[in-house]
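Following: one structure in structure tokens, then a few remarks.
The values are calculated or read from the model by the stated rules, or taken from the named source; none is laboratory data. For clarity, every value in this text was computed on a predicted model and none was experimentally measured. Cβ placement follows ideal geometry from the backbone for every residue including glycine, while neighbour counts extend to all protein chains displayed.
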């Protein structure tokens with residue numbers, strides 16, 4: 001058997017040269033070098049194990065070949081080498097070692113019995129490798145099939161879920177799909193009912209033009225367009241115009257769909273009709289203004305009565321005085337008249353209806369005017385109002401509504417001071433925002449009361465409605481701002497209003 005060991009040693013020592021003798025796969029001559037490069041290392045190891053099977057222990061070699069076949073099969077499937085290609089290399093190894101045995105037999109290095117023995121052993125080892133490869137591929141294909149079946153089931157479930165979502169959107173919302181040019185490509189029945197257009201009239205129309213109401217500013221519309229182009233979801237309230245010219249409000253969520261480059265190619269709009277809700281808010285806003293005017297009436301009447309008394313007395317003195325004193329009295333009268341005119345003007349600003357109009361204005365000046373307006377009531381209540389201000393940027397917002405917020409805040413602070421006290425106002429700018437604080441040293445609130453601040457109809461006052469602060473929160477929210485409350489029982493309360501300097505709101509303010 002010595003010659004068989006010699007043949008085994010020769011196969012091991014010349015394994016790399018034997019790899020080079022691997023013949024191309026039929027009809028794959030051009031791409032064969034690619035596959036051969038992928039498997040050369042593996043075939044080198046196989047030839048060494050075949051050599052071990054002749055020169056050393058055959059059982060050990062057989063175990064090594066089984067492990068090799070498992071690893072080679074896994075690697076082949078990962079490298080996307082088909083099973084018939086992998087088996088080609090295995091069977092080519094049989095041809096190469098058979099040619100080697102034939103050559104050794106012809107040179108009398110190996111007699112017939114030993115050549116047949118060596119051939120049988122090598123065939124046994126090669127068949128082991130082939131069977132292991134086939135088993136691995138069969139297992140791999142079975143697992144792949146199961147995975148695909150599982151994936152298909154998941155896809156079936158996903159498609160079912162998507163259909164359910166589609167049904168929910170179409171049945172439960174006002175729904176539309178728009179392309180990147182803002183052209184309508186799909187709407188549901190609820191959308192047609194609300195807009196009073198048929199589906200045929202809507203498809204292909206410019207969404208922004210056909211429903212244009214004129215209520216929103218250009219900057220508001222531009223902000224929405226920029227958010228969609230940037231691939232961000234936008235949510236807010238929009239006023240549109242129906243086919244018959246009536247206006248309606250919708251709470252809208254716009255979701256852009258992005259392509260592989262991250263560019264929005266269409267977007268869906270999910271809407272809910274909030275027209276009645278907006279009308280209710282308008283009624284609440286007006287009723288709150290009436291309530292504010294009533295609360296201020298006593299102080300304003302007192303403030304107007306004092307200058308009127310002075311004017312009446314001075315008019316009588318004018319006829320009995322010399323020219324120099326007349327001029328002095330006239331100056332005083334004009335001052336008192338201007339004071340009355342200011343009070344009445346500020347009251348009219350609060351009382352009369354206004355169109356919603358965003359503009360740049362000086363918030364510090366508005367706060368000072370509110371303080372002047374409410375000073376008479378503060379005097380009656382023995383309340384001292386102080387205002388710390390600095391150089392401030394202009395604010396872009398609805399001046400009348402923000403003025404109403406300041407009045408409400410100061411009024412609430414006064415009512416929290418039943419025995420008199422101090423109210424401190426402060427206006428500063430920070431990180432592109434205006435920060436206004438209204439602080440009192442009154443009765444304060446418990447933690448539970450603080451949590452419910454801003455809820456409709458929740459109030460801590462005996463004759464309160466709970467609507468004032470709710471409207472304040474809504475106005476500030478519609479300006480893209482926020483209100484923070486900090487209070488301690490029997491120590492006082494602080495309201496901090498934060499407003500963006502630039503227009504960044506998601507909805508225009510409440511209508512008046």
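Residues that are without any contact (Cβ under 8 Å) to a residue 60 or more places away in the chain: find the strands (runs of 3 or more DSSP E) completely inside the range 356-418 holding 1 or more of those.
Fully inside the range 356-418 and qualifying: 359-361, 383-389.
Yes/no matrix, rows are residues, columns are (1) at pLDDT below 65; (2) crowded, with 19+ Cβ neighbours inside 10 Å; (3) not in a loop (DSSP other than H, G, I, E, B):
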site: 460; (1), (2), (3): no, no, no
site: 465; (1), (2), (3): yes, no, no
site: 476; (1), (2), (3): no, yes, yes
site: 480; (1), (2), (3): no, yes, no
site: 483; (1), (2), (3): no, yes, yes
site: 487; (1), (2), (3): no, yes, yes
site: 499; (1), (2), (3): no, yes, yes
site: 504; (1), (2), (3): yes, no, no
site: 508; (1), (2), (3): yes, yes, no
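Scan the range 195-207 for residues that are out of contact with any helix residue (DSSP H, G or I) (no Cβ under 7 Å at 6 or more places or on another chain) and surrounded by fewer than 18 Cβ atoms within 10 Å (Cβ to Cβ) and report the count.
Here the count works out to 7.
Within the range 231-260, can you find the residues that are without any contact (Cβ under 8 Å) to a residue 24 or more places away in the chain and not in a strand (DSSP E or B)?
233, 245, 246, 259, 260
Are any of the residues in the range 71-88 surrounded by 16 or more Cβ atoms within 10 Å (Cβ to Cβ), more than 15 Å from residue 43 (Cβ to Cβ) and either at pLDDT 75 or above or not assigned by TED's automatic domain parsing to the domain that holds residue 6 (or both)?
no
For the range 185-199, state whether one or more residues are closer than 29 Å to residue 279 by Cβ, in a loop (DSSP other than H, G, I, E, B), at pLDDT below 85 and under 26 Å from the mean Cα position of the chain (by Cα).
Looking for residues that are closer than 29 Å to residue 279 by Cβ, in a loop (DSSP other than H, G, I, E, B), at pLDDT below 85 and under 26 Å from the mean Cα position of the chain (by Cα), one finds none in the range 185-199, hence no.
Within the group 105, 117, which residue is at pLDDT 80 or above, assigned by TED's automatic domain parsing to the domain that holds residue 64 and under 30 Å from residue 14 (Cα atoms)?
117
Restricting attention to the range 200-209, and to residues there that are modelled with pLDDT of 90 or more and on the phi < 0 side of the Ramachandran plot, which single residue is nearest to the chain's Cα centre (by Cα)?
206
Does residue 257 qualify as being surrounded by fewer than 18 Cβ atoms within 10 Å (Cβ to Cβ) and modelled with pLDDT of 85 or more?
Yes; evaluated as a whole, the condition is true for this residue.
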